[in-house]
Amino acid sequence: ETGVTQTPRHLVMGMTNKKSLKCEQHLGHNAMYWYKQSAKKPLELMFVYNFKEQTENNSVPSRFSPECPNSSHLFLHLHTLQPEDSALYLCASSQVAGGNSPLHFGNGTRLTVT
Amino acid sequence: KQEVTQIPAALSVPEGENLVLNCSFTDSAIYNLQWFRQDPGKGLTSLLLIQSSQREQTSGRLNASLDKSSGRSTLYIAASQPGDSATYLCAVSRLSNTDKLIFGTGTRLQVFP
């Protein structure tokens with residue numbers, strides 16, 4: 001059982017919808033991440049939060065809006081998405097940001113934009 | 001710009017074989033390198049993390065080596081089992097931005113009985 005839980009597991013949304021992805025970690029970590037995994041492409045880092053502060057925004061379009069209310073929870077708010085945004089969205093956590101502690105991933109949310 | 005390449009893209013072997021997965025990266029200025037495993041429809045599981053100052057790490061039947069100067073890492077799996085079937089990903093953390101992992105596209109491994 002993973003210490004990082006993502007909901008929902010699957011999401012289908014129209015281009016005009018607004019939805020949110022949720023991530024929760026029970027590992028006592030201080031850093032949380034959103035990654036995007038598209039077919040036949042490497043995982044792409046989207047956002048990094050360290051102690052609730054955003055430390056990385058990898059040139060992500062504004063239709064993706066992250067929120068980190070505390071070190072255990074991370075949200076990704078979605079609005080007016082495009083079909084090319086369909087992908088597996090993975091949340092991860094680590095003890096601290098900075099690349100020297102292993103990442104723990106959730107099982108992802110499979111997003112389909114119609 | 002750092003690029004990470006994994007060869008082969010897919011590999012199918014009989015149970016019991018020892019095998020090697022390859023990872024190469026274009027910029028040797030890395031902070032560390034990690035190997036992950038991803039099962040279908042699941043997230044990633046961290047297998048091994050090698051610091052830039054280290055040459056190898058071992059965990060059970062897995063051994064990962066790092067040659068930073070040549071931009072290469074290998075993941076050695078001894079006595080492969082059907083349960084090892086998964087996609088294996090390597091990722092490097094850059095010196096200039098250790099928050100950001102750069103991933104390869106992975107090697108999809110199938111071990112058949």
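The values are calculated or read from the model by the stated rules, or taken from the named source; none is laboratory data. This one's a predicted model, so the numbers in the text were calculated from it and none came from an experiment. When we count neighbours, we look across all protein chains shown, and the Cβ atoms used for this are built from the backbone with ideal geometry, even at glycine. Please note that ligands, DNA and RNA were not included when accessible areas were found on the heavy atoms of the full protein model with its side chains. Shrake-Rupley method; radii C 1.70, N 1.55, O 1.52, S 1.80 Å.
What the table below lists for this structure:
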{"quantity": "Subset of region A:72-84 that is assigned to a loop (DSSP other than H, G, I, E, B) and either aromatic (Phe, Trp, Tyr) or open to solvent by 30 Å² or more (accessible area, probe 1.4 Å) (or both) - its residue that is farthest from the other protein chains (Cβ to nearest Cβ)", "calculated": "A:Thr80"}
{"quantity": "Unmet criterion (only one of (1) away from chain B (no Cβ under 13 Å); (2) open to solvent by 60 Å² or more (accessible area, probe 1.4 Å); (3) closer than 23 Å to B:Gln38 by Cα) for A:Lys52", "calculated": "(3)"}
{"quantity": "The listed residue being outside any strand (DSSP E or B), within 11 Å of chain A (Cβ to nearest Cβ) and touching a strand residue (DSSP E or B) at 6+ places or on another chain (Cβ under 7 Å), out of B:Thr98, B:Thr87", "calculated": "B:Thr98"}
{"quantity": "Out of B:Ser93, B:Ser80, B:Ser53, B:Ser70, sole residue that is outside any strand (DSSP E or B) and open to solvent by less than 30 Å² (accessible area, probe 1.4 Å)", "calculated": "B:Ser80"}
{"quantity": "Flag if B:Ser65 is within 11 Å of chain A (Cβ to nearest Cβ) and of a type in the set (Gly, Ala, Ser)", "calculated": "no"}
{"quantity": "Which listed residue is among the acidic types (Asp, Glu) and closer than 26 Å to B:Glu3 by Cβ, from A:Glu53, A:Glu84", "calculated": "A:Glu84"}
{"quantity": "Residues (modelled with pLDDT under 95 and either acidic (Asp, Glu) or open to solvent by 50 Å² or more (accessible area, probe 1.4 Å) (or both)) located in region A:85-102", "calculated": "A:Gln95, A:Val96, A:Asn100, A:Pro102"}
{"quantity": "Some residue of region A:56-65 being closer than 16 Å to B:Lys42 by Cα, in contact (Cβ under 8 Å) with a residue 12 or more places away in the chain, of a type outside the set (Ser, Thr, Tyr) and not in a loop (DSSP other than H, G, I, E, B)", "calculated": "no"}
{"quantity": "Tally of residues being within 19 Å of B:Ile7 (Cα to Cα) and more than 13 Å from chain A (Cβ to nearest Cβ) across region B:27-55", "calculated": "2"}
{"quantity": "Residues that are surrounded by fewer than 18 Cβ atoms within 10 Å (Cβ to Cβ) and more than 13 Å from chain A (Cβ to nearest Cβ), drawn from region B:101-113", "calculated": "B:Gln110, B:Phe112, B:Pro113"}
{"quantity": "All positions within region B:16-38 that are in a loop (DSSP other than H, G, I, E, B), open to solvent by less than 50 Å² (accessible area, probe 1.4 Å) and under 17 Å from B:Gln81 (Cβ atoms)", "calculated": "B:Gly16"}
